[in-house]
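Q: The structure follows.
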Amino acid sequence: MKLPDDLHIGDILLYNSADLTDEIIDVVSGDDVAHVEVYAGNGQSWASRNGIGVALYTFRPDGLKSVRRLVKPLDEAAAEAWFKTVNGAAYGWGDILANADIQTGLPGMDCSHFAAALLEAGGCPQFDTSYPKLKIKPRDFKLSLASYEIIF
């Protein structure tokens with residue numbers, strides 16, 4: 001697979017890197033996937049990057065562990081419309097702590113909650129509506145039945 005040329009809009013990008021935030025998420029989630037982004041096309045991805053926040057970023061191959069392709073196409077217009085409502089939001093440190101049952105009320109979105117909401121807005125929900133949104137972790141995207149793994 002040639003990256004990012006062979007990626008499709010809506011592909012779920014699962015990462016792990018050596019930064020402190022990923023290491024904390026590794027411990028909290030008990031998995032080697034600590035970050036998730038959604039491919040937006042044209043060498044870019046929608047994401048809430050560690051410590052930075054929500055934006056459209058240049059695709060990065062470093063730390064990419066797995067790619068999952070949606071079973072049905074993402075409604076790009078709906079996903080983009082939703083993205084515009086949260087673009088520039090702070091990174092969700094409170095979301096990270098909520099995964100460890102520590103409620104802070106801090107504003108922002110972590111990568112998992114951002115990706116889940118973007119995909120849902122684009123008509124491709126990854127999780128049942130009864131699944132607690134603040135409990136979604138990057139590793140949960142590996143378990144979702146709404147996508148399948150691309151072998152590369």
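The values are calculated or read from the model by the stated rules, or taken from the named source; none is laboratory data. What you see is a predicted model; the values in this text were computed from it and never measured. So basically every Cβ, Gly included, is an ideal-geometry build from the backbone, and we count neighbours across all protein chains shown.
Q: Could you check region 13-39 and list, in sequence order, the residues that are over 12 Å from the mean Cα position of the chain (by Cα) and either acidic (Asp, Glu) or modelled with pLDDT of 95 or more (or both)?
A: ASP19, ASP22, GLU23, ASP26, ASP31, ASP32 - these are the residues of region 13-39 that are over 12 Å from the mean Cα position of the chain (by Cα) and either acidic (Asp, Glu) or modelled with pLDDT of 95 or more (or both).
Q: How many of the residues making up region 121-133 are over 12 Å from the mean Cα position of the chain (by Cα) and surrounded by 17 or more Cβ atoms within 10 Å (Cβ to Cβ)?
A: Number of matching residues: 4.
Q: Another one. Cβ-Cβ distance below 9 Å, separation of 6 or more or different chains: which pairs start in region 123-152 with a residue that is without any contact (Cβ under 8 Å) to a residue 12 or more places away in the chain and end on one that is part of a loop (DSSP other than H, G, I, E, B) and among the hydrophobic types (A, V, I, L, M, F, W, C)?
A: Partner pairs satisfying both residue conditions: LEU145/VAL71; ILE151/MET1.
Q: Right, something else. Mind listing just one residue for me: the one in region 73-101 that is part of a loop (DSSP other than H, G, I, E, B) and closer than 19 Å to ASP140 by Cβ and, of those, modelled with the highest pLDDT?
A: LEU74
Q: Here's another thing I want to ask about it. Restricting to region 41-52, and then to whatever is more than 12 Å from the chain's Cα centre (by Cα) and either among the aliphatic types (A, V, I, L, M) or assigned to a strand (DSSP E or B) (or both), can you tell me which residue is surrounded by the fewest Cβ atoms within 10 Å (Cβ to Cβ)?
A: Top of the filtered list is ILE52.
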